[in-house]
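Below is one structure, written out as structure tokens; comments come after it.
Values quoted throughout were computed directly from the atomic coordinates according to the rules given, and no laboratory measurement underlies them. None of the values given here were measured: they were computed from a predicted structure. Here the Cβ positions follow ideal geometry from the backbone for every residue, glycine too, while neighbour counts run over all protein chains shown.
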């Protein structure tokens, strides 16, 4: 007896992309995610929507995929994307030979580039080093990983796709050499059960080899840790890349109110091994200094790390020490029936955020073929999110005269009208609960009451609460009554608060100097001094 | 580039403590004004993303700079708001025609003054005529209740003409020039009494009103015109003195325009006199003056970061007792309190000052109030009904110059 | 020109300034912002004085028991609106209504009356920001199980226009209103309208801050039931009122307070400081004095700036104690960075590495600038500021 035709394991961009694609083809599917959607790599990267420029020389196939997907996503998901444009910048340390090769490769991959004069560049990006040699414009953009994941999930739900968060796929269930389901544990209440299906799609990213390993199938996924820095404000107006073979600390991405500098690359043993280290911070800043002189003076609000799951097909090759960047960033679709003789299991590993939709399309094509479904893929044509109506914009602007309402509406989507109604009825709920990121009380309340929300961190991802300058100094306290009202859903308030502060602290510790250290003193004054949480 | 880096560091310095909003006199009384934190550093991070935040509310800021004085992190909040205001003005959002015309006029106090002092008697009669004030309110949004200052025959600096080896340039400012020439003469006499020749070039407005009404670019142009007039004196090392604290703040901010901070020797009058005193060059042959005074420190004096030199100096005079009122902003903030939609706010802001003054007078703590700022004088007189004047008059009395 | 210049106008700096001015000294305080009292609860914490005295490097130990006690007693005599002493803890409520210990507290904060109460009426001013009555009620029931807790919501006309557009009304806003003439009358009416129950009812009133406000104290003294206050989330009116009271006290003694800007450097010769150079508008201003006190508030106050590699004292570049490892993973636990500061001798004069050489003869270091203490794990912020400030002001 089958519960679903397909079970997808992993609620990152690829997983929800597959859920949406399959659901649109009328295939019944359930997605299982051990945490919150996008809690892993999909929300722990620099937020760049690649133009392909970064891969043009080394990996032309990836580059071509990137530019195609870049254009598709800008069309179907404009509310998740900020079309900032991007620059590739040659400094005096970067080889002119590489520049010429890059220009040719971009043409080959059909990536449109335009050379920008140095005077124009300096005018448009006044903080950028004045001594750069050449500047090229490319159609890079920035993307909100979390929002796009949720947009996929919501769209999938519209087509009857289902997903369960905080549900861990403990192991695959097999019958006569065929995968027939997944043994699941509900992490919120400990309940265990089995879901039966025709096909399991393993889209667990950095955790993919663990799932395959549960039935003894080898799947070599390298955990490549990438550490990034979040600066307190937008230092550049557009994405700024170094025009050289990609390396640590050579890309700045203006993201929402902050700027992200990335990314290091270091192999680690486990996907949980994602504590940013001081040495990584140093290495990022040293290289970042070349594009942004005086970088040490700019306030860093936190460091964070994500794990890139890279696929290495030939797992017998020695040299685990090879650098993550030299392993293909392209993805691999593994049909375990062909590779290992096990039916009913497909793994998708590697790839990058920009091409999540394409990966989902390829997987779904293969799944559909196996299930005998002939409906073609439509995910590149149908908008991920509906337009936000003009009257909603107007109402929001009227009710919240000093808030960035565009951003609020983009986050809230179809929940916007409910939240605005709440503010209209109870005006004080229009107050900013998170003042740094300007998130209203009503919006946080909505996120807190959402059935998929179980922790303060889930609210953070949905609303940006605690992600700004103060890193939770004020808003953690202000979120307490909302959690308290739903107390059966959350751990004890004390514990929830402590966990949240400790999570924020993990990212602050490696960048603890300057103003962020003062901020930390203020935060400790509030929670240890005034609220006396230390005594408990 | 240096400017851009300063701007970036300044925004980074905010640790979101909210002290600025807690101390903001406007936010405390006007529900429409969300406060300096929101419209300053909070909104600034979004403005960098190209979003207009609270454009229509920026004009409620009175530019009193209490936020900047309070901020434990040295964030230039008023500057941020002023810049946002100008950008909003350039992009045409957040204002109507009437307030545009009015702010245009108030920004140009100098021209208003020139016009009004052609026939000061007529101007004053008109300004005291309720019907005319109704017309002003309806047509231009200038509050009919506001204490618009009296205009007098324009300050004529070339009366005394003492030649001396020691020279100072005196910047009278619009208030002295058009509304209070006697104080200008008093300041001149005190400086001359201390052995200085007082030079008064035909200065323009200091530019504070332009900036206060959101005309940042024109403010800079005016400043440059004044600097051109000062230039020969600056090069000769002649100090520049003003008795008005708003002018003083503006003049000191000229540093960095066409002149370096070390070249520009701009002083508040009492700051200058105190410096003389420290070098034992200040005359202290005072007569006893039996008087008790309440001292109001104007916001723009606080913004200069020089303390309260007038209190220090007046306390040297036998018989003078000075009580620091310590009550924050009087509410007027230049032309802010003259505006129809802001008059009530301004009066509420000033209320603690007025109450303190009334209480002090009723309890015989002091008889009258002194403050360097002409605007504060007008407002405190209006709000408390107590005689309020420039502290230089106490010196005049002590020197027997009156 | 001045007898003493104090750099920093927080609790420690003002304490030193008042103490010195009381002794007839001409004092100038130069203060960058409004100090950090506004972010404090308004209650002063001493920590476990006896135990901290035994920590070799702790500021308490530098000064010794007698001085520490003297500073605390001095404060209590200065402000009768506060109560408490070094010898016994006072119990007060956090902004979430949980009891906590403190040293010297505003009289109206002491929870004594709750011990025997049967009914607690929790006043809930409409729209008060950062005030969560339901959570407070839960905490009160936990702490005082013999009590019933009633939440008494009310609104005042003054803030109606704020409520209509949803503008936050902070504790500071409410306090300003209660301290005005119409506020006092309304408060009286409001308290009179409460049910007249037996002596076992206690009113818990947030956002009031009655200390230092005579008319308010009068109203509260006239009620048939005890009215107590709780500390509030920052910026806190209680902390701010204490700041204002200290400021006024200092000014009334003839002291001058220069706010809004900081000291960029101090000139010195032969280990003697002579002039403070102030970062005033346009051009620096110099102020001369016989003695100096450094009370620039540590990391939070800006007296210490940390870079990725090290930490620096910002006015004189004094050497600092800096631990090798700065942090631990438990955020609210012990964090070694908190002990960064200047090492001083028993006269609070800064000393060089090794602790022998006095770096400046006429400079004393007080409050958060001193090394080897942590106000958050040792809860002794108020005590250290009072003791060191009092001592420095007394010696000046």
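Laid out as a table, the results:
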read-out: Modelled FRET efficiency - R0 30 Å, residue A:157 with residue A:387, Cβ distances, 0.05 increments; value: 0.95
read-out: For a label point 7 Å along the Cα-to-beta-carbon line of residue A:214, residues of segment A:24-67 with backbone N under 12 Å; value: A:32-34
read-out: Helix C:181-192 vs. chain C, principal-axis angle (Cα, 0 to 90°, nearest 10); value: 50
read-out: Length-normalised contact order of segment B:2-90 in % [C-alpha pairs under 8 Å, at least 6 apart]; value: 34
read-out: Counting DSSP beta bridges with both ends in chain A, the antiparallel % (nearest 5); value: 75
read-out: Hull shadow area, averaged, segment C:12-85 [alpha-carbon convex hull, nm²]; value: 6.2
read-out: Radius of gyration, Dmax [chain A; alpha carbons; angstrom]; value: 23.0, 69
read-out: Over segment A:338-448 - Rg/Rh using Cα atoms and the Kirkwood inverse-distance radius; value: 1.21
read-out: Exposure proxy order (Cβ contacts within 10 Å, fewest to most) of A:486, B:63, A:370; value: A:486, A:370, B:63
read-out: Rounded if a/c under 1.5, otherwise prolate or oblate - chain B, Cα gyration tensor axes; value: rounded
read-out: Fluctuation leader among B:305, B:173, B:243 - chain B, Gaussian network, Cα springs under 10 angstrom; value: B:305
read-out: Stokes-Einstein D for chain C, Kirkwood Rh over Cα pairs, 20 °C, 1.002 mPa s (µm²/s); value: 97
read-out: Per-selection metrics, segment A:390-535 (Cα): Rg and Dmax in Å; value: 15.7, 51
read-out: Kirkwood Rh, Cα atoms: Rg over Rh of segment B:275-402; value: 1.00
read-out: Zone residues, segment C:303-339, relative to residue C:51, backbone N less than 17 Å from point 7 Å out along Cα-to-Cβ; value: C:333-335
read-out: Expected 222 nm ellipticity per residue - DSSP helices of 4 or more, -39500 (n - 2.57), all of chain B, to 500; value: -13500 deg cm²/dmol
read-out: Calculated SAXS-style log₁₀ I(q)/I(0) at q = 0.11, 0.16, 0.17 Å⁻¹ - segment B:161-276, Debye, Cα scatterers; value: -0.33, -0.70, -0.79
read-out: Between segment C:184-216 and segment B:2-62, the Cα center-to-center distance that results, in Å; value: 36
read-out: Length added when fully stretched, residue B:166-residue B:367, from 0.36 nm per residue minus Cα-Cα; value: 68.7 nm
read-out: Rg/Rg_ref, segment C:90-239, where Rg_ref = 2.2 N^0.38 Å and atoms are Cα; value: 0.97
read-out: Chain C, relative contact order in percent, only Cα pairs under 8 angstrom and at least six apart counted; value: 26
read-out: Average beta carbon contacts from partner chains per residue of C:30-43, 10 Å cutoff; value: 5
read-out: Sites residue C:23 and residue A:278 - FRET efficiency at Förster radius 45 Å, r taken between beta-carbons, to 0.05; value: 0.40
read-out: Convex hull projection area averaged over all views, the protein assembly as shown, Cα basis, nm²; value: 53.2
read-out: Segment C:90-239: antiparallel DSSP beta bridges as a percent of all, rounded to 5; value: 20
read-out: Acute angle (nearest 10 degrees) that the helix C:381-395 long axis makes with the longest principal axis of chain C, alpha-carbon atoms; value: 50
read-out: FRET E, pair residue C:88, residue A:484, Förster distance 41 Å, beta-carbon r, rounded to 0.05; value: 0.75
read-out: Burial ordering of B:49, A:115, fewest other beta-carbon atoms within 10 Å first; value: A:115, B:49
read-out: CD proxy at 222 nm, helix term only [per DSSP H run n ≥ 4: -39500 (n - 2.57); per residue of chain A; nearest 500]; value: -10500 deg cm²/dmol
read-out: Label-to-label distance, nm, for residues given as residue A:494 and residue B:90 (7 Å Cα→Cβ offset); value: 5.5
read-out: Projected-area average for segment A:1-157 over all orientations - Cα convex hull basis, square nanometres; value: 11.4
read-out: Acute angle (nearest 10 degrees) that the helix C:133-143 long axis makes with the longest principal axis of chain C, alpha-carbon atoms; value: 80
read-out: Spacing of the two label points (7 Å from each Cα toward its C-beta) at residue C:66 and residue A:164, in nm; value: 7.4
read-out: Tail fraction, Cα-Cα pairs, segment B:2-90, threshold 19 Å, whole percent; value: 31
read-out: Residue C:165-residue C:126 pseudo-label distance in nm [points 7 Å out on the Cα-to-Cβ vector]; value: 1.8
read-out: Sequence-separation-based contact order of segment B:291-399, relative, with Cα cut under 8 Å and 6+ spacing, percent; value: 30
read-out: Other protein chain Cβ atoms within 10 Å, averaged over every residue that makes up B:218-225; value: 0
read-out: Inter-chain shielding of A:278-285 (mean C-beta neighbours from other protein chains, 10 Å cut-off); value: 1
read-out: Debye intensity ratio in log₁₀ form over the Cα atoms of segment A:466-519, taken at each q of 0.23, 0.26 Å⁻¹; value: -0.87, -1.02
read-out: Of all DSSP beta bridges in the protein assembly as shown, antiparallel share, percent nearest 5; value: 55
read-out: Where a label projected 7 Å from the Cα of residue C:200 along Cα→Cβ would reach, residues of segment C:134-166 with amide N under 11 Å; value: C:146-148
